[in-house]
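Down below is the structure, laid out as structure tokens.
Coordinate-derived values only; no laboratory data. Computed from a predicted structure; not experimentally measured. As a convention, Cβ positions derive from the backbone with ideal geometry for all residues, glycine included, and neighbour counts pool all protein chains shown.
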Amino acid sequence: MEKTGKKKMSAGKVILWGILIFVAVVQIFPLVWLLDFSLASSNEMFTNGLLIIPEKIQWGNYVKAFVDGNFLHYLKNSLLINGLAVVLVLLVSIMAAFACLRMQWKLNGFVKTLLLMGMMIPIHATLLPNYKIYSTLHMTDTIWALLIPYVAFSLPQGLFLMTSFMSAVPAELEEAAVMDGCGIYRIIFQIITPILKPSIATVSIMTFLNNWNEFMMASTYLSSPKWKTLPFSVLEFTGQYSSNYAVQFAVMALTAAPAVIIYVILNKHITKGVAMGAVKG
Amino acid sequence: MKKMYSNKLVITSLVLPGVLLFVFAILAPICLSVYYSLTDYSGMGSWNMIGLDNYKALMRDEAFFTALRNSLFLAIGFICIQHPLAIIVAAVLDKLSGRGESFFRCVYFIPNVISVAVIAYLWKFIYNPNFGLLNNILKVFGYKGTVNWLSAENAIWSVLVVLIWHGFGWGMLIYYSGIKNIDPTLYEAAAIDGANQKQTFLRITLPLMKPVIQVNVTMAVISALKQMETVYLLTNGGPGNATQFTATYLYQQAFKAFRYGYGNAISVVFIIICLLATVFLNKIFEEREPERRGR
């Protein structure tokens, strides 16, 4: 009796593992395929098997992708713009959260609701008018054309998370600081901000993930390559090498690499951050 | 202390950056959109005010309703396919403890961090009739001939598959952390009462996950409405209007068909639809809220 029970348990375990492995294969195999084809030559692609064993590993694909795809330039832009966006979102959302939560004024509820409204507005509905505004103000092809909308559209979520975390910070801490003669700015940046560390991590991760992959605004507001971001190494490359598939695979793998590598390294923190943001949201 | 906390100058300095950003990047564009939606502006040259003609035309525009239907299709697809899968996998993952758990969680989430541009082009290749992965898989299983995954009938399903694949890890992770938040003593109590795994899942896990499911369903509907990037690169709304979405359609109208005024009318209606959908979903879910709060 006991034996059959145990057997059943292990059969159940096998099914559980089977499900998990199957889903993992579905999720990861396209990427393995991408990597495999990126190392082959274009002539080898028309096979009947699922994966190719390249006759000679074509590292040259990656060299072409790296050089002709302007990889470093686009990567640098992406890092710079996203880094700045994260810092600005944090700064603006912490200040606004403090003002709406702790400061005493009549419009605090109204302003908070107004800023949070941004969460409901579809980004793409602002593409047309924003294009007009930026071209009238000669801001197209500048870093501002990306930075302003990136920060503005990440702000509502940042503010939402910051206010919900900040409301858990006890007010007694501030009272003590006021007794010691701290001003408001010092209270915000030297007392509140350090306590908010975990939520700062969450907001940073959410903002970074949202904007890292963005290209619709970038392709609308930018025409010269000066400030274009990483997705453009793929978008522009495919036109240039339209018949050389293998090199296109290489440029895709290369473009995906930074985010995947960072994710695998910071896996635990990112998972925690996303989960925290999602549960609060 | 009170005086310090109601200093108008300090308050202004704290909220001004946020308010300015909101006005400049969100509010002003919307107002401008409303204005241009009343014109016949093509994107260049001069324009005339034409009143509500753009909106009237929109109400008769077959393609616009196709776009809305496609959004509805996506939303239903997410809710009926992606989310049940995500909940089941999350529940299964919760049963494993130890190393496998974080490994699988990591693997499932990886597609999520990859740029939409890469995802869209990668799937274009996967659907490729000549050397694409999917047709090769069919060949391995002995199917002869090729399937055109991006034909008028298949394209919307192909789009759905890509989006489910790309967003699966995110949904799974949210459900997973919801399950982790359930008090383990409830499971112990159920085990003592002799409940099997299926009963525990249906009677304890699912009911307690209700708030998480509600949030996720709301997000699914909104993201189905807002869909643009993947479709724009994968099919650009085609073939014909088979995979048209509101955002891709307004973009095409403004920048390809040179009907900038009309594109703005679509933008305005698009915003209204998103606002209504959010309010509506919150309303439905709120009705059940008091019971929960009462506990």
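Computed log10 I(q)/I(0) for region B:49-94 at 0.26, 0.33 Å⁻¹: -0.87, -1.02, from the Debye equation with unit scatterers placed on every C-alpha and solvent omitted. Ordered by the count of other Cβ atoms within 10 Å of each Cβ, fewest first, B:Ser42, A:Ser93, A:Ser41 give B:Ser42, A:Ser41, A:Ser93. If R0 is 60 Å, the Cβ-Cβ spacing of B:Thr185 and B:Cys31 corresponds to a FRET efficiency of close to 0.65.
How big is the charge dipole of region B:63-288 about its Cα centre, in debye rounded to the nearest 20, if each Lys and Arg gets +1 on its Cβ and each Asp and Glu gets -1 on its Cβ? In total the dipole reaches around 440 debye.
For B:Phe258, no residue whose modelled amide H falls within less than 5 Å of its own remains once neighbours fewer than 5 places apart on the same chain are excluded.
Hey, if you put +1 on the Cβ of every Lys and Arg and -1 on every Asp and Glu Cβ in chain B, which of B:Ile114, B:Thr246, B:Asn130 ends up farthest toward the positive end of that dipole? Highest projection toward the positive end goes to B:Ile114. Here's the picture: charge each Lys and Arg Cβ at +1 and each Asp and Glu Cβ at -1 in region A:69-240, and of A:Pro198, A:Leu114, A:Leu127 the one pushed furthest to the positive end of that dipole is A:Leu127.
Cβ-Cβ distance of B:Met59 and B:Leu275, R₀ of 22 Å, FRET efficiency by 1/(1 + (r/R0)^6): the value works out to about 0.75. If R0 is taken as 22 Å, the Cβ-Cβ distance between A:Lys226 and B:Asn236 corresponds to a FRET efficiency of 0.25. Convex hull volume of the Cα atoms of the protein assembly as shown, normalised per residue: 192 Å³. Total lysine pairs in chain B at Cα distances under 29 Å, for residues eight or more apart or on different chains: 17. Taken one residue at a time, the phi angles of region A:106-112 give Karplus couplings (6.51, -1.76, 1.60, θ = phi - 60°) of 6, 8, 4, x, 4, 4, 4 Hz. Gly and Pro are set to x.
In the elastic network of chain A, a GNM with C-alpha springs shorter than 10 Å, the most mobile of A:Ala246, A:Ala85, A:Ala177 is A:Ala177.
Computed from backbone phi with θ = phi - 60° and the Karplus coefficients 6.51, -1.76 and 1.60, the 3J(HN,Hα) list for region B:233-244 is 7, 7, 10, 6, x, x, x, x, 10, 4, 10, 5 Hz; x is used for glycine and proline. Just to be sure I understand: with springs between alpha-carbon atoms less than 10 Å apart, which residue in A:Gln190, A:Gln157, A:Gln27 has the highest mean-square fluctuation in the Gaussian network model of chain A? So, out of A:Gln190, A:Gln157, A:Gln27, the one fluctuating most is A:Gln27. Legend: ranking of residues A:His124, A:His269 from fewest to most surrounding C-beta atoms inside 10 Å; resulting order A:His269, A:His124. Site pair A:Lys106 and A:Val25 shows an inter-label distance of 6.7 nm when each label is modelled 7 Å from Cα along Cα→Cβ. So if the hydrodynamic radius of region A:69-240 is defined as the Kirkwood radius over C-alpha pairs, what does Stokes-Einstein give as its diffusion coefficient at 20 °C and 1.002 mPa s, in µm² per second? Rounded, D is 121 µm²/s. A simple charge model with +1 on the Cβ of Lys and Arg, -1 on the Cβ of Asp and Glu and nothing else charged puts the dipole of chain A at about 720 debye relative to its Cα centre. Counting 0.36 nm for each residue step from A:Ser167 to A:His138 and taking away their Cα separation leaves a gain of 6.3 nm. Report summary: the helix-based calculation at 222 nm, which adds -39500 (n - 2.57) for every DSSP H run with n ≥ 4 and divides by the residues of chain B, gives -21000 deg cm²/dmol.
Counting alpha carbon pairs within less than 8 Å and at least 6 residues apart, what relative contact order, in whole percent, applies to region A:69-240? Could the numbers behind the result be given before it?
Values: 146 pairs, mean separation 73.9, N = 172.
Computed value for region A:69-240: 43 percent relative contact order.
Report, to the nearest 10°, how far helix A:144-166 tilts away from the longest principal axis of the Cα atoms in chain A, using its own Cα long axis and a range of 0 to 90°. With both axes taken from Cα atoms, the answer is about 60 degrees. Treat every Asp and Glu Cβ in region B:1-100 as -1 and every Lys and Arg Cβ as +1, leave all other atoms uncharged, and give the resulting dipole magnitude about the Cα centre to the nearest 20 debye. For region B:1-100, the charge dipole is close to 680 debye. Amide H to amide H distances under 5 Å link B:Thr39 with B:Ile50, where only residues 5 or more positions off or on other chains count and H is placed in the peptide plane. Among A:Leu39, A:Leu80, A:Leu31, the residue with the largest mean-square fluctuation in a Gaussian network model of chain A, with springs joining Cα atoms closer than 10 Å, is A:Leu31. Here the Karplus relation 6.51 cos²θ - 1.76 cosθ + 1.60, evaluated at θ = phi - 60°, turns the backbone of region B:254-262 into coupling constants of 6, 9, 9, 8, 6, 10, 4, x, 5 Hz, with x for every Gly and Pro.
Calculated mean residue ellipticity at 222 nm for chain A: -23500 deg cm²/dmol, from DSSP H runs with n ≥ 4 weighted as -39500 (n - 2.57), summed, divided by the residue count and rounded to 500.
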